Amino acid sequence: KFPITPFRPLAAGAMGSISRMYFDEATGTLYGAFRYQGVVEHVGALNTRDGTVRPLVDLQGAMYYRVTSFAYDPGSGTAFYANHNYDLRDLMAVDVKTGESRRLLKNARIGEIVFNPADRSLIGVRHEDGLATLVRIPYPYDDWRKIHTFPWEHVPTDLDVSPDGRLLSASVNDHRGNQFLRVWRLDRLLDGDLEPIAEFSFGLSVPESFAFSKDGRY
């Protein structure tokens, strides 16, 4: 009555650890960062039509499972990522067409980056002195600005911005190990209002990888 959903492999073999990925519907390309045996860790483009992977730029200091923080601007064809993920984290950018990369911020300590299509800014989490700070990096990405420093052991992860740039979501834990999915109005957040407009508690279960739907309703 309920047959198993059919599937089609998108790559010729196992791809190992993969960062967050972004899909270009026009070209059928998945952009992300990859870490698997026999190949240097890299930001790459996976062609879902023929299964080939085109490396764009090598990574330095990739993480074991999540590889790196990764964000993508489809308008300019720019992928953002972090080097030295177990150290001070340089914020990098690479042109997905040419493979030309450049360093935006040295020793920025910023991860969990996400792209805001409304104003082309990046939002991320900066770690220093044991504290997590939500930061905004406005275009052209030559400086970061503090939004809010969370109390000790309150750490936001898996950030996402709604397609219209109005909402920010994140998984957040507290010092007791409680886990939450929270959604904020971004304009209020930038004005210092930390009250979420929605919250769901997962108890001690860790929520991961939440992302907004295309219409921003879910």
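So here's what we get for this one:
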read-out	value
Number of positions in segment 26-44 that are open to solvent by 10 Å² or more (accessible area, probe 1.4 Å), within 23 Å of residue 163 (Cα to Cα) and either of a type in the set (S, T, N, Q) or assigned to a strand (DSSP E or B) (or both)	4
Yes/no for residue 186 being closer than 22 Å to residue 121 by Cβ, touching a Gly at 6+ places or on another chain (Cβ under 9 Å) and not acidic (Asp, Glu)	yes
Qualifying positions in segment 45-80 - open to solvent by less than 20 Å² (accessible area, probe 1.4 Å), under 26 Å from residue 157 (Cα atoms), part of a loop (DSSP other than H, G, I, E, B) and of a type outside the set (S, T, N, Q)	59, 62, 67, 77
Filter pass, residue 145 being over 26 Å from residue 213 (Cα atoms), among the basic types (Lys, Arg), open to solvent by 40 Å² or more (accessible area, probe 1.4 Å) and out of contact with any Phe, Trp or Tyr (no Cβ under 7 Å at 6 or more places or on another chain)	yes
Residues within segment 81-116 that are in a loop (DSSP other than H, G, I, E, B) and either of a type outside the set (Asp, Glu) or surrounded by 18 or more Cβ atoms within 10 Å (Cβ to Cβ) (or both), tallied	13
Selection within segment 15-36 - closer than 19 Å to residue 83 by Cα and at pLDDT below 95	16, 36
Members of segment 17-36 found to be without any contact (Cβ under 8 Å) to a residue 24 or more places away in the chain and touching a Phe, Trp or Tyr at 6+ places or on another chain (Cβ under 7 Å), listed by number	30
Some residue of segment 16-25 being loosely packed, with under 13 Cβ neighbours inside 10 Å and of a type outside the set (Phe, Trp, Tyr)	yes
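Condition check ((1) more than 21 Å from residue 117 (Cα to Cα); (2) under 16 Å from the mean Cα position of the chain (by Cα)) across all residues:
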site	(1), (2)
147	no, no
150	yes, no
160	no, yes
171	no, yes
192	yes, no
201	yes, no
205	yes, no
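The values are calculated or read from the model by the stated rules, or taken from the named source; none is laboratory data. Here the structure is a predicted model, which is why all the values come from computation and not from measurement. As a convention, Cβ positions derive from the backbone with ideal geometry for all residues, glycine included, and neighbour counts pool all protein chains shown. What goes into the accessible areas is simple: the full protein's heavy atoms, side chains included, and nothing from ligands, DNA or RNA. Shrake-Rupley method; radii C 1.70, N 1.55, O 1.52, S 1.80 Å.
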